[in-house]
Every structure is written in structure tokens, then in C-alpha cells.
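Contents: one structure, followed by commentary.
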Amino acid sequence: MQPKLANKPRCFDWLAYLSDPQNADVSCVQVSSLPYSPLADIWNQLINDGLKVEVKNTDSNSNSDYWIASVIKKQGYYVRLRYEGFNDDSKDFWMAIFDPEIHPVGFCASMGRTLVPPASIANLRQAKDWRRFLQDQIVGACTLPDTFRDQLKESQVSRLKRGMKLEVVDKTRISAVRLAHVESIIAGRMHIRYEAGGDHLADDFWCHQNSLLIHPIGWAQLIGHELRATREYAIESRRKAIQASFDDNEAAWTLFPPVKRIPRVENVSGPTCFTQGMKLEAIDPLRLSTICVATVTKVLRCDYLMIGIDGVSSEDGSDWFCYHATSPCIFPPGFCKENNIQLYTPSSYKKEFDWDEYLQATESIAAPSYLFHREVPDHGIKEGDLLEAVDLMEPRLICVATVVRVVGRLLRIHFNGWEDNFDQWIDCESPDLYPAGWCAMVGYSLEPPKNSPGQYSTPVSESRHSRKKSSSRGRVSSSKRRKIATKVKEFAGLSESLDEDSDSRLSNTTAHSSIAMEESSVPVESTECSPLPADPYSWTVDDVEKFLVKNNFANLAQPFVDKKIDGSKLFKLTDQELNALTCKVGPALKIYALIQSLRGS
Ligand code: MLZ
């Protein structure tokens, strides 16, 4: 029996929505506002009001006539067009800029097609006047470049490729990453499958190639992040990353943006970097509608931080989440109050929340606001603007959404038709936000608003990514958050008993052992490191490594770490021992000289 149409998955149709006069005043986020959207960088040079194009003349008896129309307005990837010769909006219509039936002026001439005035105005002038009329209209006007369609196609080419292996946050244990491969990729949006996933229902994931949840091979080992993988992978991935030698199907570091560093903080009386135990405010990665009181639970390498949400984080740290120190999703204490945002505080803290009191009660310090560096781009996104947004709790779903708050670069997204607890705080430059029309352009299914699935929507075609796909991470309420923590523990135990080789703690145990990062293997934006303690005799093994890296001996640092050379041992090294450690006489001499100069200072 045929399924009833009403039950078939449907996908939202912006054309129907924008064409409804009721929606005449809506506004969509501009393509140029979302940096990862195709053509974002040249959108405002390409598409402007007044741009002229050749389109089918739908106000004609023949299906093969064309006419020239001008852009009156743009919304996402859609333009409102008016045929030349009309002085009012009576025959205006919307078209997607990626519609194959939109052409640059000159198309008809080159293809031998005829430009015929729409019937409603055809009788207003003599036929011979039309040619003249059009000529007058197009002199000095802009049109689409002939290469527009190629440019559009090129802008959708993905950097990462099908089959490529990479490290991806483990959706069942967000404090860890796992090895995974790209199963399919569409305009930069990837369907990823975890390698050797024991749990079949949950072994896939969706994200954009610019997502902060994916990393190159060896990232976890170099950064000191928890890794759920075999010991063999851990060792190999680390070697590959240090030597910058990857197999063809492995994501190399050069495919990712350089690791960011935070600028050195100077002339302050307080702490100059994030340290373990510092308190701050952070978007809860498992409940994105909330900004919560949080703690830096661990400082990793290259300014990466593990953050735990106060009062809800599980004891084993399985829901700590890795944010980079430059992340726009962490904030100094007081940020919410200052911006009139509700701050979610630990339920165990019964008093009315006050940061000073809380810091005293927990004997901790606040992360100083000067450590949070963020520029606010001139994004132009306004409250009320519509867009397409990934439901990050079920990241295979892209849904119709509205921007309901703009606080600098921070946005609050509401999914149309869904309750407010589905809302998401998200950065304005997130690769999970798309202009209206992105889904239709790349062939991805766009979820219609919950309460009106039939309005402005069309049945999903088979080729599209349907909502029937296997489920991804579920939505988390505060009670569900607790259940997940327990489930995560069960899962961890299960996988360990199944695979004796797997060693999810490998990176933890190696996190403090050092890994020399060759400059060639790890692209680093700035080489500034946190300052070393003044007294070199008190240096830890990590400090000695840092010292070597700073002095351009990153490639020789590993043996020092393996031999656990700390500050005091460094000064006792004889030149034979140095030779043996470095295996090279020249560098050994240079390091020896460095140590002597340290001793002198
Ligand atoms: N299975 C989920 C889908 C929610 C999707 C919401 N997207 C904004 C549910 O029905 O709860």
C-alpha cells in the first residue's frame, strides 16, 4: 500500500515561504554573514539590488521565451526579481540564485533564444521599441559573470574527501576523541563513521569539515587529549604527526587551520594564562540552550582546555569538553549578568548565585576577563533573521531556525516550531549555520518547523538525506544528562572488556610526557608559549621540553622527555650524555651552550 502523503518526510521550501505575501517582511541571514557558506566572500560583489539576469518569461504563451529581470531584494540564496518594464510589484517573483534557469544578460543572444516582453506589458509599446528599451535598461547595469555557475560549483568542493581518516569527538564520551572515517561528504558537510565502533546504533556522526569537533591524525596525542583507540594507533598517530608523514587516506595537519595560540598577556597583576581549577562561564556542550558556571578541569597543550560544567559533570570526567582558550563559547564570570542572559548555576549551590561568594565557597579563582580574546566581526546578523541551522544534538538534521538573540558574536538560535529548550547558543561564524537555500542548493533535506510540517514544504526526494537515517546523539535534558553519564560509563567498560588492546587512558598517561612538535608537522599560528618559571633548576620535564621547543630544538626534545630530564638533571648532563641524547654533535654543542648560558643567567 502507498504510504499516505501526510506521513512522508517533507522538506521546507523557501520559495513557497518567501512567495507568500504574508511573509513579505521577513528577513533572512545574508550569505555574506556566514563565512563558511558557498560564495560568502564575494556575495556582496556578485549579487546586488539592480543586478540584471535573463529568465524564462512565465507571462507568455510560449514556454521558450525569455525576458530580462532585475534583482529587487535578496534573502539567503534567493532573489526577488522584477521583469523589466514593470513599475510595480504585481508580477514580482522569487527565484533561487542557483536555479539553472537564471542566466547572465547575453545568454539568449549567444544561444539564439528570443527575448519576448511579458504579455501584461507587451501591448503598452510598439514591438520595435522593446529592443531600444532593453538596451537603455542594460547599459551600465551589472549581470552575473559567465563563470557564475562554475564559481558556485567550486565553492562547494570539499577539502576533506570520502574515505579519509580523522580524529573525531566521541559522541558517547565527549571528553575523548576516536578514529573515524568520512563515509560521505556533501558541500563540506560530512557523514562520519567511527572506526571499530562496537555500538552499532551510535557509530556515526555528522559535522562540517570546518567543525571544531574533528582533527587530523595524531591530534589527541600531541595535544594531550583523551583518545579512545588501540595502543598501536596512539603510538603510530603520534609518530606520524611528529614526522608529518601520513598515508593518502589520513587527514594531515595541513588540511586543517593552524593551531591557534593565545596572545601573550602582559602588564597584568593576575594570572597570565588559564590554569586548572579556574572558574568561568561556558555553553554546556550537552545542553546548548544553557550557559553555565564551569571549571577549567585540565590544561592541555597549545592552549586547549578541558571544561567541566559545575554541578552536572560526571565524576569520571567523561563529559568534560575540550574548548580552545580562544573559543567564543567560553566567557569570563559575570558575562551572563552583564548581558542579561540567564546563567545556569549548580543546583547543589542553594544560595542565590553570586560569583564572589561562589568563588569563596569553592576556594577558587575566576578566569580573568583579559584571557578571553575575541573580536566581534561585523556580521550584520539581526534578531529575527531566518536561516538554516544544524540541530547539534542530532547533527544530521538541518532545520529552519530564527536568530532570537545577538550578543556580540554570540547568537541564540531558535528552531521554528520547537520548544525553547531546543534553542542553541552558537558562535556567528559556526560552520553549522547556513543561509536560507543552502540545503536546496546542495541537495540536503531541510526540516520544516515542527507545528506546520505541511505548510511551505514538499515531500523529500529519495536522493536527499532523509530523516530516516540512523540516529545520532540525542537531546539532553538535565535528567537525561545524568543518565548519559551513566551510559557513558557502561559503554566505556563494555568496550574495554571487548578489546583488550584498547587503551582509552593512553593519552591521559602520556599527556604529561612530552611530545616534540616539529614546526613542520604542526602548523602553529604564533609560536608564543606560556613563560617558563624563572628558576631553571625548578623546571619540570615539560618545562625543559618547552625550553627546547622555544629554542628551535623541537625535533630533539623527545629523548629529553623519554629520559625524564627536568631542570636539575639538565644542568648535570655531561657533553657525552648530551651527544647520546641528541645523536648529533652539532645540535648537542648548541644545546650545551644554551645550558651554559642559562647557568650564567
Ligand atoms: N527525535 C527528536 C527530533 C528533534 C529535532 C528537533 N530539531 C530542532 C524529537 O522529536 O525530539
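Work out the length of the dipole vector of the range 189-324 about its Cα centre, built from +1 on the beta-carbon of each Lys and Arg and -1 on the beta-carbon of each Asp and Glu, and round it to the nearest 20 debye.
In debye, rounded to 20, the range 189-324 gives about 520.
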Sorted from fewest to most neighbouring beta carbons within 10 Å, what does the list His225, His414 look like? His414, His225
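In which sequence would Glu383, Glu375 go, from the one with the fewest C-beta neighbours within 10 Å to the one with the most?
On the way: Glu383 11, Glu375 8.
Lowest count first: Glu375, Glu383.
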Select from the range 268-359 those GluC sites (Glu not before Pro) which occupy a DSSP coil region and have at most 14 other Cβ atoms within 10 Å, ordered by residue number. Glu315, Glu352
Restricting to DSSP loop positions (anything but H, G, I, E, B) with no more than 16 other Cβ atoms inside 10 Å of their own Cβ, which GluC sites (Glu not before Pro) remain in the range 95-203? Glu101, Glu195
For the range 31-75 and the range 353-402, what is the separation of their C-alpha centers, rounded to whole Å? 35 Å
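Just how large is the dipole of the range 264-317 about the Cα centre, in debye to the nearest 20, putting +1 at every Lys and Arg Cβ and -1 at every Asp and Glu Cβ? List each step's numbers first, then the result.
Values: 5 positive and 7 negative charges, 31 e Å.
Using Cβ point charges on Lys, Arg, Asp and Glu, the range 264-317 gives about 140 debye.
Exactly which chymotrypsin sites (Phe, Trp or Tyr not before Pro) in the range 215-320 are in a DSSP loop and have at most 10 other Cβ atoms within 10 Å?
Details: sites: Trp219, Tyr233, Phe246, Trp253, Phe274, Tyr304, Trp320; in loops: Phe246, Phe274, Trp320.
Listed in order of number, the matching sites amount to none.
Would you work out the charge dipole size for the range 96-156 about its Cα centre, treating the Cβ of every Lys and Arg as +1 and the Cβ of every Asp and Glu as -1, and quote it to the nearest 20 debye?
Values: 7 positive and 7 negative charges, 70 e Å.
Taking the Cα centre of the range 96-156 as origin, the dipole is about 340 debye.
Given the pairs Lys298/Lys546; Lys260/Lys546; Lys165/Lys546; Lys91/Lys450, which are separated by over 23 angstrom at their Cα positions? Walk me through the intermediate numbers first.
Numbers: Lys298/Lys546 18 Å; Lys260/Lys546 17 Å; Lys165/Lys546 30 Å; Lys91/Lys450 32 Å.
Those over the limit are Lys165/Lys546; Lys91/Lys450.
No value in this document is a laboratory result; all are computed from the given coordinates. What you see is a predicted model; the values in this text were computed from it and never measured. Cβ: placed from backbone, ideal geometry, glycine included. Neighbour counts: every protein chain shown.
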